[in-house]
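The values are calculated or read from the model by the stated rules, or taken from the named source; none is laboratory data. All figures in this text were calculated on a predicted structure; none of them were measured in a lab. Heads up, the Cβs are rebuilt from the backbone with ideal geometry, glycines too, and the neighbour counts pull from every protein chain shown.
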Ligand SMILES: Nc1ncnc2c1ncn2[C@@H]1O[C@H](COP(=O)(O)OP(=O)(O)OP(=O)(O)O)[C@@H](O)[C@H]1O
Ligand SMILES: [Mg+2]
């Protein structure tokens with residue numbers, strides 16, 4: 001297949017986009033810019049507005065307020081079939097009574113593409129997903145992973161400038177999901193297409209994306225690179241949703257975070273964290289039971305073990321600090337798992353603490 005599509009990847013912009021169902025606001029006024037050719041994931045818990053936002057981009061839902069732009073073009077009131085957008089859903093949604101080739105050909109027929117061109121395009125799309133030998137089968141004669149590759153071929157066959165995928169791997173088992181993640185990423189590198197990819201699996205979002213948009217209750221909590229949203233979460237919600245984290249409560253006053261008793265810890269904080277209740281957060285790599293000798297940035301933290309589990313190359317520990325905060329961290333598995341109730345002194349890396357205001361997103 002000619003690798004670059006004739007249409008150029010399109011940038012997407014949402015301006016104050018809002019969607020209500022009855023009295024419920026599914027998507028609050030939302031602003032977002034997706035760069036042309038990038039791979040952007042919408043990540044968030046169930047019901048946070050990911051699918052609704054995607055549908056407003058594909059045209060299957062109309063926003064109550066706000067505008068959707070492709071480049072400079074306002075397409076808010078354009079019907080889905082005129083947006084040039086490929087869509088892949090979780091449940092494949094192939095037509096069961098049609099052969100694989102017919103399924104892939106379908107969007108081309110809808111667009112009145114000439115028959116000889118259709119045949120070539122179908123062949124190329126099948127080669128793109130490495131399944132040229134299944135053209136004449138029916139969907140039920142394919143495995144789940146193969147069906148999903150055909151659904152992707154069908155979404156790409158008309159060279160869309162934008163590909164939207166809504167939990168496309170959700171129905172697949174873990175191994176297949178991981179290999180398909182790599183395939184989709186490789187496809188994105190070969191094609192000139194913008195991809196918006198919905199998932200509630202944080203590892204998937206971290207592994208695949210240029211940018212991650214973290215959704216919470218119809219709002220965007222944070223937008224950033226995987227490194228930024230993981231390593232510099234702006235709220236406790238983002239920290240918790242993106243993986244294991246451990247935190248202590250405290251107070252910020254004049255640029256210094258002081259942990260609540262019994263923890264004796266003070267940290268300088270970034271400008272931007274206001275005075276008041278706050279939390280200091282650490283990722284697994286910044287919490288250890290045995291800090292490197294001679295490195296002064298590690299501070300002791302007395303904890304109580306709530307639960308522990310063996311996870312192959314590491315131990316997963318749920319730890320409590322003082323009477324309140326609990327967090328989960330992983331550490332090297334070369335020592336026995338401490339039983340629940342044991343006191344455990346861990347060390348946290350001062351340099352890698354992230355301090356966030358306690359109010360923000362904490363209730364979710
Ligand atoms: N057609 C609809 N009618 C009424 N409410 C809806 C409709 N579609 C979505 N909602 C509501 O809007 C909110 C956002 O739903 P949405 O499907 O966008 O969530 P999501 O982030 O995609 O969740 P999931 O991860 O479960 O797919 C939810 O509270 C949902 O119940
Ligand atoms: Mg959804």
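For every residue, the table says whether it meets (1) more than 15 Å from ligand 1 (Cβ to nearest atom); (2) at pLDDT below 95; (3) in a strand (DSSP E or B); (4) more than 26 Å from residue 138 (Cβ to Cβ).
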site	(1), (2), (3), (4)
42	no, no, yes, yes
52	no, no, no, yes
61	no, no, no, yes
66	yes, no, yes, yes
81	yes, yes, no, no
86	yes, yes, yes, no
91	no, yes, no, no
96	yes, yes, no, no
101	yes, no, no, no
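Given the criteria at pLDDT below 95, surrounded by fewer than 20 Cβ atoms within 10 Å (Cβ to Cβ) and outside any loop (DSSP other than H, G, I, E, B), does residue 124 qualify? Judged against the criteria, residue 124 is a match. The sole residue among 223, 238, 193 that is in contact (Cβ under 8 Å) with a residue 24 or more places away in the chain, crowded, with 18+ Cβ neighbours inside 10 Å and either within 16 Å of ligand 1 (Cβ to nearest atom) or farther than 28 Å from residue 143 by Cα (or both) is 238.
Let's see how each residue does on (1) more than 16 Å from ligand 2 (Cβ to nearest atom); (2) buried (at least 19 other Cβ atoms within 10 Å of the Cβ):
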{"residue": "139", "(1), (2)": "yes, yes"}
{"residue": "143", "(1), (2)": "yes, no"}
{"residue": "149", "(1), (2)": "yes, yes"}
{"residue": "165", "(1), (2)": "no, yes"}
{"residue": "169", "(1), (2)": "no, yes"}
{"residue": "179", "(1), (2)": "yes, no"}
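Within region 24-36, not a single residue is within 14 Å of ligand 1 (Cβ to nearest atom), more than 28 Å from residue 157 (Cβ to Cβ) and not in a strand (DSSP E or B).
Scanning region 20-74 for residues that are more than 20 Å from the chain's Cα centre (by Cα) and within 13 Å of ligand 2 (Cβ to nearest atom) yields a total of 2. The set of residues from region 68-79 being in a strand (DSSP E or B) and without any contact (Cβ under 8 Å) to a residue 40 or more places away in the chain comprises 73, 74. From the list 258, 293, 228, the lone residue that is surrounded by fewer than 17 Cβ atoms within 10 Å (Cβ to Cβ) and assigned to a helix (DSSP H, G or I) is 228. Selection within region 332-355: residues that are modelled with pLDDT under 90 and surrounded by 14 or more Cβ atoms within 10 Å (Cβ to Cβ). The member of this set that is farthest from the chain's Cα centre (by Cα) is 338.
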